[in-house]
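> One structure, pasted below without further comment.
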């Protein structure tokens, strides 16, 4: 049992987008703030800070979750994936990001990093979702620009593309 | 919107949690999924001196069939129950209720025991536990006690848990043959807090209707098989019995209306679900 005292800075090590990273955090530091201020990963946005808006959604050990409702010290030793990890090494957008761009699924882009991280978890679990399932998953995110129609389109398009690619690989 | 200062301990076992709860009592809070507690801390509605984090306490991370119940440990997430392949056959009411619980991203981290311990009067998991007459296992240094849902929920965010006790496990009774289950909820937007939520259990013995979002805790009515005007009258009495209050989301009158309408609907659905079986 290790008691982490308040008012002190503790070392937190985690795997951020596949890369081991270490920083310092108070007990009360939220994972969202730790990612942005300590590790410089400012792709994760902070909106409401009580779990409603979804802007800060990241993947913790693969599962989409609110970084603002997680303490940095709770992420010790965990795999954390953020929007910075989606694009390839050369900066090429992944298929989901490209679909968002193609379909104008974002305007100001503030909510987009969280939505992308939810979608990346969701599409792995539900590879062939219905529109209703996609809308249900997106209900955990607030977007004040798009009206969601184009986001739904981009997600469904990505799912269809991935299905087609899997079929192709099966018969290759 | 940042929490105040607290000490933090990552807990390895239920024994350790109980030892610390015995020592610190009310000044310590159990942190599991954090989907309610972190919100409360961020808004500084609570400022405990010590957080005991059970979210990675391996011995408490289980969902298993135990006698005629589905037992869920304190560290098990809602998602780990929701995504069980056999849930629709095991506890059909939970299968129906999960889509109404906040959002996918929140259920990924939120725990079942945490929602029960938090005891929000509009929350779905306490409502289902009350409807099914499930059990809560409370553990302290001195031992365990098992309470029925009706004994555990005491009021708004208020339970029979003593300061030195951990909500170690929650037990949802498995589906019984010849019994039908139904769940309906009305909220402003999908995933918001329920204005009224209703769960019905209809069996050979009669009807159980549980209502959330109206009284200070989930409330259960038990009736013999009623139909038509007799059912309307019983629903109307129950709707008044809940002593609905006006608030910015809905008037008391509207809540009574929803109890009558949703109540009738879930009872009809649950009755229909029984006729398919022997």
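The values are calculated or read from the model by the stated rules, or taken from the named source; none is laboratory data. All of these numbers come straight from a predicted model, not from anything done at the bench. Note that each Cβ is placed from the backbone with ideal geometry, even for glycine, and that neighbours are counted across all protein chains shown.
> Regarding residue B:56, is this residue within 9 Å of another protein chain (Cβ to nearest Cβ), part of a loop (DSSP other than H, G, I, E, B) and surrounded by fewer than 21 Cβ atoms within 10 Å (Cβ to Cβ)?
On the way: within 9 Å of another protein chain (Cβ to nearest Cβ): yes; part of a loop (DSSP other than H, G, I, E, B): yes; surrounded by fewer than 21 Cβ atoms within 10 Å (Cβ to Cβ): yes.
So residue B:56 passes the test.
> Could you list all residues from region A:1-35 that are more than 18 Å from the chain's Cα centre (by Cα), more than 8 Å from every other protein chain (Cβ to nearest Cβ) and either crowded, with 20+ Cβ neighbours inside 10 Å or more than 14 Å from residue A:80 (Cα to Cα) (or both)?
A:8, A:9, A:10, A:11, A:12, A:24, A:25, A:29
Here's the yes/no breakdown for (1) crowded, with 16+ Cβ neighbours inside 10 Å; (2) facing chain A (nearest Cβ under 8 Å); (3) closer than 21 Å to residue A:50 by Cα:
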position	(1), (2), (3)
B:5	no, yes, yes
B:16	yes, yes, no
B:22	no, no, no
B:76	yes, no, no
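> How many residues does region B:148-163 contain that are surrounded by fewer than 19 Cβ atoms within 10 Å (Cβ to Cβ) and in contact with a helix residue (DSSP H, G or I) (Cβ under 8 Å, 6 or more places away or on another chain)?
4
> Can you list the helices (runs of 4 or more DSSP H) found entirely within region A:109-172 that contain at least 3 residues being within 14 Å of another protein chain (Cβ to nearest Cβ)? Reasoning before the result, please.
Values: elements: A:112-125, A:131-138, A:149-170.
Qualifying helices (runs of 4 or more DSSP H): A:112-125, A:131-138.
Per-residue answers, yes or no, for (1) assigned by TED's automatic domain parsing to the domain that holds residue A:16; (2) in contact with a strand residue (DSSP E or B) (Cβ under 9 Å, 6 or more places away or on another chain); (3) more than 29 Å from residue A:40 (Cα to Cα):
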residue	(1), (2), (3)
A:120	no, yes, no
A:125	no, no, yes
A:155	no, no, no
A:161	no, no, yes
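Listed here are the residues, each with its yes/no results for (1) touching a residue at least 60 places away in the same chain (Cβ under 8 Å); (2) closer than 23 Å to residue A:122 by Cα.
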residue: A:3; (1), (2): no, no
residue: A:9; (1), (2): no, no
residue: A:25; (1), (2): no, no
residue: A:76; (1), (2): yes, no
residue: A:82; (1), (2): yes, yes
residue: A:110; (1), (2): yes, yes
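> Further question: Say we look at region B:98-147 and pick out the residues that are on the phi > 0 side of the Ramachandran plot and touching a helix residue (DSSP H, G or I) at 6+ places or on another chain (Cβ under 9 Å); which of these is surrounded by the fewest Cβ atoms within 10 Å (Cβ to Cβ)?
Start the filter on region B:98-147 by keeping residues that are on the phi > 0 side of the Ramachandran plot, which leaves B:102, B:119, B:133, B:143.
Next, from what is left, pick out any that are touching a helix residue (DSSP H, G or I) at 6+ places or on another chain (Cβ under 9 Å): B:102, B:119, B:133.
On the way: B:102: 23, B:119: 24, B:133: 16.
Filtering first and then ranking leaves B:133.
> Right, next: Of the numbered conditions (1) farther than 14 Å from residue B:110 by Cβ; (2) in contact with a helix residue (DSSP H, G or I) (Cβ under 9 Å, 6 or more places away or on another chain); (3) within 14 Å of chain A (Cβ to nearest Cβ); (4) not in a loop (DSSP other than H, G, I, E, B), residue B:47 satisfies every one except a single condition; which is it?
(4)
> So residue B:41 passes all but one of these: (1) assigned to a helix (DSSP H, G or I); (2) touching a residue at least 40 places away in the same chain (Cβ under 8 Å); (3) within 22 Å of the chain's Cα centre (by Cα); (4) buried (at least 20 other Cβ atoms within 10 Å of the Cβ). Which condition number does it fail?
(2)
> Within region B:211-226, how many residues are part of a strand (DSSP E or B) and within 14 Å of the chain's Cα centre (by Cα)? Walk me through it before giving the result.
Here is the first cut: in region B:211-226, the ones part of a strand (DSSP E or B) are B:211-212, B:219-223.
In the following step, the residues that additionally are within 14 Å of the chain's Cα centre (by Cα) were identified as B:211-212, B:219-220.
Summing the residues that are part of a strand (DSSP E or B) and within 14 Å of the chain's Cα centre (by Cα) in region B:211-226 gives 4.
> Quick check: anything in region A:74-93 away from chain B (no Cβ under 11 Å), surrounded by fewer than 23 Cβ atoms within 10 Å (Cβ to Cβ) and within 21 Å of residue A:163 (Cβ to Cβ)?
For region A:74-93, residues away from chain B (no Cβ under 11 Å), surrounded by fewer than 23 Cβ atoms within 10 Å (Cβ to Cβ) and within 21 Å of residue A:163 (Cβ to Cβ): present.
> State which residue is nearest to residue A:72 (Cα to Cα) when the search covers only region B:22-38 and only residues that are over 23 Å from the mean Cα position of the chain (by Cα) and touching a residue at least 12 places away in the same chain (Cβ under 8 Å).
The extreme case among them is B:27.
> With under 22 Å from residue B:92 (Cβ atoms), touching a residue at least 40 places away in the same chain (Cβ under 8 Å) and not assigned by TED's automatic domain parsing to the domain that holds residue B:111 as the only criterion, which of B:250, B:200, B:221, B:215 stands out?
Numbers: B:250 fails: under 22 Å from residue B:92 (Cβ atoms); B:221 fails: touching a residue at least 40 places away in the same chain (Cβ under 8 Å); B:215 fails: under 22 Å from residue B:92 (Cβ atoms).
Residue meeting the stated conditions: B:200.
> Which of (1) within 12 Å of chain A (Cβ to nearest Cβ); (2) more than 18 Å from the chain's Cα centre (by Cα) is the odd one out, the single condition residue B:67 does not satisfy?
The number of the failed condition is (1).
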